[in-house]
Every structure is written in C-alpha cells, then in structure tokens.
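Before any comments, here is the structure.
Taken together, the values in this text are just the output of simple stated rules run on the coordinates, not laboratory data. Quantities reported herein were computed from a predicted structural model and do not represent experimental measurements. Here the Cβ positions follow ideal geometry from the backbone for every residue, glycine too, while neighbour counts run over all protein chains shown.
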Amino acid sequence: MSDTTTADIIAELGFNDEIDRLRAVIDRWIAGASREMQPLLDWQFVARSKYFRPLTIFSCHRAISKDRIPDAIIRSAAVLEMMHNVSLIIDDILDESDERRGKATLHKKFGLLPALMASGYIAADGYTLSADDPYDVRLFSDLLKRLGVAECAQWRLRRQPLGLEDWQEIASEDTGSMFETCACLATRDERLRKFGHLLGVLYHGCDDVGDVKGLESLGGGGEEDLRDGILTLPASLAIRDPAISALFCKPSPTPDDLSRISLAMRAQLPAAEAHLDQLAAEAKWEAHLHSADPGLLLALVDHTRELSRR
C-alpha cells in the first residue's frame, strides 16, 4: 500500500485531523528525545508511516462514539505506532533488509548496535508516555510479549512441514495481536477485540499474498521469507504437495529449489485469496455484532482486503 493510497483511505474515512494530531505527538516526542537518539528517531519516523494501525484505532473508537476523538486516544495511537516501529526495526535486522519503502533501514543507515538501542529507547519512551494510564500499560506489555513469542515461534518453525492452521496461529500472535491491541485501546474494553484479531490476521495474509505477487525471479517483495523458509499463507498451502514440502524443508535450498517453491506458491494464490475472503467475512460479522455503527469498520475491512489486489 503506497503512502498516496493510505492518504486517500485516511481522507475517505474522515481522519485527516486525527492523523495530524498523531503526527504532532510523535514530532514533539522526537524533539524532546536524547540528542544522541534524535537522528535515529528522525530517520525511522520521518518517512511517514502508512498509519494503518492508528487508523484502526480511530475507526474502532468512532464505531462506538460520535464524539471528537480525545487526546488520550491520540496518545495511545502514537504509542502504538512507536511499538509498531520497534517491531519493524527488529524485523528488518532479522530479515537482513537493506531498505524499507525505498529508504535505507535503520540498521543499514546507522549500524546494528544503534538500531537495537533505538528500538529499546522507543519502547521505554512509549511506556513513559503511557505511565499515567495503567490500562494502556497492560495492553502494551501484553502486546510486546506476544510479539516476542510470535517472532521466536515463527523463526523456530521455519522450514517445517506445517499447514494452514499453523500459519493462522502464527499470524494471530503476530499481526493479530497488534490489531487486537488497536481495538482495545480504542474502546477501552474487549468488545471489538475479536474484530481486531480477525482484521490483523487478514492484514497479515494480504501482506503474504501481496509479497508473492510481487516476486520477480526472487527479486521483489517476499524474497526474505522465501529464502528463510518462513511459513506464509501461500507457503502453507503450497507445501501440502509432498514434493514442494521436501524442497521447502531443505536446510540450504538452491536457486532452482526456490524458483519451484515460488511457482507452487503462485499456483495456490486463488486458494489463499479464498481464505482471505473468508477472514474478511468473519471480521465484518464481528463488526455488525459488536458496534452500533459498523460502517467505518466494514470499510476498513474492505480496504485491508484490497491490499493483496493492488
């Protein structure tokens, strides 16, 4: 999803003001940060995020209240965006990624140690901003624990002959936990947690499918997951074929092996898209069940679902 596309979605859903307020909170935080850290934080945050997670917070809050979104929710969204960037920094290091959205990753620009220290600094300052709100502190603590467990599990289970249920479990604890947190921050209770969970798993799956569609001779998005044997949605379907599973599980697959796996994953894209349609339908059902005005939530599901079709 391009920055332009995201801006269009923000405008369509009516959250330009809230995103401006969010950016102001982040800008003030960076301005008050340690001079040692400011260049790293500027680099990490200056390329404007897609802000899809704050957009989820604002949409969930608006689904239960027509009042102006309070400053406390804006702050919660800013801290959530900070925690999200902690996970991005670590993912980029783990994937050995040189670029993100056409810009050098933090560890590529400043080095491994500064990037790791910056991730810890961001998390610590997130808790500082949330110090007077025990509810937020509990949610962010639970989120970071779940993200850590998910990352370790995903890495431990790479190159394993697993399936769709295993992929769903990993996606639930990874992106699913992030969007669950968004929903709970927005409503200050559990009523939309399952909606957030389903939206997050949908987002994770759409990202997986979009990566496969972007592969060109292993040169586009998704190359790292394919190289490392990460269980993506299309991979979980492709390795039902024993021959592809054997290649997927090889400790050191050759370029020809990776090409065959990639082709098998592409062949499973219709099945992957069908699974995403099912997730989207379940998310919409939850929106109808637990919000008085589900319109924004339904639109958010539709925009998420489009991620793999662009």
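The simple spin-label model puts a point 7 Å past each Cα toward its Cβ; for ALA11 and ARG28 those points are separated by 2.7 nm.
Against the longest alpha carbon principal axis of the chain, how many degrees, from 0 to 90 and to the nearest 10, is the axis of helix 112-129 turned? Its long axis makes an angle of about 40 degrees.
Restricting attention to the stretch 163-196, which GluC sites (Glu not before Pro) occupy a DSSP loop and are surrounded by at most 13 other Cβ atoms within 10 Å? Can you show the working numbers first?
Values: sites: GLU165, GLU169, GLU173, GLU180, GLU190; in loops: GLU190.
Answer in residue order: GLU190.
Computed over the chain with a Gaussian network model linking Cα atoms closer than 10 Å, the most mobile of CYS249, CYS206, CYS60 is CYS249. Semi-axes of the equivalent ellipsoid of the stretch 174-310 are 33, 14, 12 Å, computed as sqrt(5λ) over the eigenvalues of the C-alpha gyration tensor in descending order. Each peptide in 76-83, 157-164, 114-121, 195-202 was scored by the mean count of other Cβ atoms within 10 Å over its residues; highest first, the order is 195-202, 76-83, 114-121, 157-164. Quick one: check the C-alpha center-to-center distance for the stretch 23-52 versus the stretch 131-162, whole angstrom. The stretch 23-52 and the stretch 131-162 have Cα centres spaced 23 Å from each other.
Across the stretch 3-308, Cα pairs under 8 Å and at least six residues apart give a relative contact order of 19 percent.
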